[in-house]
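Every number here is computed from the coordinates shown, using simple stated rules; none is lab data. Note that the coordinates shown come from a computational prediction; the quantities given were computed from them, not determined experimentally. All Cβ positions, glycine included, derive from the backbone under ideal geometry; neighbour counts span all protein chains shown.
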Amino acid sequence: MSNDTITSAALVVNAKSRKGQKLFKRACAAMSGLPYEVDAHAVEDPKDLEATVLRALAKKPDLLILGGGDGTVSGLVDLMVGHDVILGVLPLGTANSFARTLGIPLNIEGAVEVIRTGKPRRIDLGMIDGDYFANCAAMGISPKIAETVPHGLKKIFGKVGYLAWATYQYMRFRPFTLIVGEGPTAVKIRVVEVRISNGPYHGGTELVDAAAVDSGEIVVQAVMGHVKRRLVQNWYASVFRLESRHEKVRDFRGKSLKINTIPPLPISIDGEVLAKTPVTAKVAAGIIRVMAPA
């Protein structure tokens, strides 16, 4: 389907997210200039998101635009698999890693411009067991933060509140053992963080250089170390794009990788804790189309 043949679109915005409600109105205004009708829904209770998307898909739109953070997109992308519909992304979250990976501007007007002038691009999705995800899953401190962050902290205090909570969790965090593969060829290493990536960005920072959204492979990146200081060094080097970001980092890549940890650990998938080790990480190559900059 070329951009010219889009005749109908639906917009579903997670209006509970930090900027959601005020941005919904701005999004509708920005989309009023599109050459087709947009069936727009602001969803204030995240529990209603799935049902809203299913109702929108039942009307068979050519384009389904999801407004929210990485967790919103990842949580709803499963519903689109198997439908002949193009995904549009309206980045309204804190990190917006998926939008960054696709080169979509992080402001509403810029993102809508991509919807207006962009081209559908076929991309991979990652999978943890049977669950599709758009961007990145993680083991280590990320799930710990996601699992325990007080409700409303991010909404009220934004990034500062989130960083304060992350610092608190870091003090209590311990390195762990990662096992990739199984049987005699399994690799066992001591690590401080593991990222299962379908794209380079995690938490809004470019961390996994080897991962691409259309490579046909999933990348499991292990930050090796026996002391948690290694994690701070790796994040610092990554934020400032220092060469040292590649030190003590090991990448595993393939279509399907068995992953386990000692002790068993929760896995956050684009910010939401949704699984626990052991799992199989896979790639669903070229499974959906997304509107990306031409």
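Taking the Cα centre of the chain as the origin, how large is its charge dipole in debye, to the nearest 20, when only Lys and Arg (+1) and Asp and Glu (-1) carry charge on their Cβ atoms?
Once rounded to the nearest 20, the dipole reads 1020 debye.
Let me know the shape class of the range 79-132, please: from the alpha-carbon gyration tensor, a ≥ b ≥ c as square roots of the eigenvalues, rounded when a/c is under 1.5, otherwise prolate if a/b is greater than b/c, or oblate. Please list the in-between numbers first.
On the way: a/c = 2.32, a/b = 1.42, b/c = 1.63.
In terms of gyration-tensor shape, oblate.
Need one word for the range 1-118: rounded, prolate or oblate. Basis is the Cα gyration tensor (sqrt eigenvalues a ≥ b ≥ c); a/c below 1.5 gives rounded, then a/b vs b/c decides.
Because its axes are fairly even, with a/c under 1.5, the range 1-118 counts as rounded.
Treating only the Cβ atoms of Lys and Arg (+1) and Asp and Glu (-1) as charged, compute the dipole magnitude of the range 136-285 about its Cα centre; round to the nearest 20 debye.
520 debye
Could you put 157, 98 in order, starting from the residue whose Cβ has the fewest other Cβ atoms within 10 Å?
Exposure proxy ranking, most exposed first: 157, 98.
Checking the a/c ratio against 1.5 first, then a/b against b/c, what shape does the Cα gyration tensor give for the range 179-294?
Taking the square roots of the gyration eigenvalues as a ≥ b ≥ c, the range 179-294 is oblate.
Using a Gaussian network for the chain with springs between C-alpha atoms less than 10 Å apart, which of these wobbles most: 273, 149, 77?
149
If you fit an axis through the alpha-carbon atoms of helix 108-117 and take the longest principal axis of the Cα set of the chain, what angle between them do you get, 0 to 90°, nearest 10?
Relative to the chain, helix 108-117 is tipped by roughly 70 degrees.
Mind telling me which of 106, 207, 54 comes out most flexible in a GNM of the chain, alpha-carbon contacts under 10 Å?
Of the options given, 54 has the highest mean-square fluctuation.
Toward the positive end of the charge dipole of the chain, about the Cα centre and with charges on Cβ (Lys, Arg +1; Asp, Glu -1), which of 242, 227, 210 goes farthest?
Positive-most Cα among the choices belongs to 227.
Give the long-range amide H neighbours of residue 276: residues separated by 5 or more places, or on another chain, with amide H under 5 Å away, using H modelled in the peptide plane at 1.01 Å from N.
The answer is 267.
Compute the normalised compactness of the chain: alpha-carbon radius of gyration over 2.2 N^0.38 Å, N being the residue count.
Here the answer is 0.99, to two decimals.
Can you find, among 128, 166, 293, the residue farthest towards the positive end of the dipole of the chain? Put +1 on the C-beta of Lys and Arg, -1 on that of Asp and Glu.
166
Using 1/(1 + (r/R0)^6) with R0 = 41 angstrom and r between the beta carbons of residue 163 and residue 55, what's the FRET efficiency to the nearest 0.05? Mind dumping the intermediate values first?
On the way: r = 37 Å, r/R0 = 0.91.
Computed FRET efficiency for residue 163 and residue 55 comes out at 0.65.
Hey, if you put +1 on the Cβ of every Lys and Arg and -1 on every Asp and Glu Cβ in the chain, which of 79, 42, 152 ends up farthest toward the positive end of that dipole?
Sorting the options by dipole projection puts first 152.
Run the helix sum for the chain: -39,500 (n - 2.57) per DSSP H stretch of 4+ residues, divided by residue count, reported at 222 nm to the nearest 500 deg cm²/dmol.
Taking each H run of at least 4 residues, the total per residue is -9000 deg cm²/dmol.
Report the paramagnetic label zone for residue 227: residues of the range 248-272 whose backbone N is under 20 Å from a point 7 Å from Cα along the Cα-to-Cβ axis.
248-250
Of 160, 38, how do they rank once you tally other Cβ atoms within 10 Å and put the fewest first?
Ordered by Cβ neighbours within 10 Å, fewest first: 160, 38.
Around residue 92, which amide H atoms from residues at least 5 apart in sequence, or from another chain, sit under 5 Å from its own amide H, with H modelled in the peptide plane?
68, 69
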